[in-house]
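One structure below.
The values are calculated or read from the model by the stated rules, or taken from the named source; none is laboratory data. All values reported here derive from a predicted model rather than from experimental measurement. Positions of Cβ are generated from backbone atoms using ideal geometry, with glycine treated the same way; all protein chains shown enter the neighbour counts. Quick note on the areas: whole protein, heavy atoms, side chains included, nothing else; ligands and nucleic acids left out. Shrake-Rupley method; radii C 1.70, N 1.55, O 1.52, S 1.80 Å.
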Amino acid sequence: MCGRFGLSRAQRELAGEFADLNPRFDVRDLEPRYNIAPTQPVLTLCVDAGRVRASEVRWGITGPASRDGTRRDLINVRAETALGTGWFRELLERRRVLVPASHFYEWRTLRGRRRQPMLIGPASGDVFALAGLLGGWTDEATGEIVPAVAILTTEPNGLVSEIHNRMPVVLSRSSWGRWLDPDAGAGDVADLLAPCPDGLLCARPVSTLVNDVANEGPALVEAAPVVEREVDQLELPW
């Protein structure tokens, strides 16, 4: 899955990374973030009135009503679900966004059910983009609906499969324009919802500081000692 990630670049650097899209930033003075968690604001890029717009929205959309009428928040949407029919397919058709990131985290389960966080990011060190769907989140107390995003997930590639059974959809730089193209439908981008090549990413163990969403800063991405004697991975609650 994808339940935590980071964007360790300041706004000026991001403008350079996405220069080909020439985004208009609706936010100012973006600072590096190393431990982005659900419900927090995240940067997204979408096409609005013919131009790419960079803005912050809530991470976690309110999903469709279930048979009993209840609705739940979704930070991830399975690519297989979005390629099906119904509400999620509609988001995939017309509400696609890029979610810039420098890394994401998954937790490897060890003996005694202890877990070690693993940082996964581009081997090149560049910023990459995750595939997102733009929806809304409903504040049940006030009824207010605010823009929100869910990150698409897919089967893991070879590297991530040793850590977890899902991974976020990582879009290659050459596909960013097609993903955002308002004239492209779900069928036109279906091939992008696949695991990225193994060589694109690398992984390393990091400190358990990342376990606490209140922790921030570059210390979270520093390499930590490898813990041996691993056991089978467990599904995380998110």
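The figures follow:
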| quantity | calculated |
| --- | --- |
| Positive-end residue, the range 39-156 charge dipole about Cα centroid, Cβ charges, pick of PRO117, GLY143, GLY69 | PRO117 |
| Filtered GluC sites (Glu not before Pro), the range 120-190: DSSP coil and at most 11 other beta carbons within 10 Å | GLU140, GLU144 |
| Among LEU92, TYR105, GLN11 - extreme Cα towards positive end, dipole of the chain, charges at beta-carbon | TYR105 |
| Spatial separation of Cα centroids for the range 168-224 and the range 1-78, in angstrom | 12 Å |
| Selection of trypsin sites (Lys or Arg not before Pro), the range 111-201, meeting DSSP coil and at most 15 other Cβ within 10 Å | ARG114 |
| Positive minus negative residues near ALA10 (Lys, Arg vs Asp, Glu; Cβ under 13 Å) | 0 |
| Trypsin sites (Lys or Arg not before Pro) restricted to DSSP loop in the range 19-76 with at most 15 other C-beta within 10 Å | ARG28, ARG67, ARG71, ARG72 |
| Solvent accessible area, Å² - LEU83, 1.4 Å probe, full protein context | 60 Å² |
| Sequence-distant residues sharing a close amide H with GLY136 (under 5 Å, placed H) | THR62, ALA148 |
| Net charge, ALA79 excluded, C-beta distance under 13 Å - Lys, Arg +1, Asp, Glu -1 | +1 |
| Ellipticity estimate at 222 nm from DSSP helix runs (n ≥ 4, -39,500 (n - 2.57)) divided over the chain, nearest 500 | -3000 deg cm²/dmol |
| Relative contact order, percent, the range 34-110 [alpha-carbon distance under 8 Å, six or more residues apart] | 27 percent |
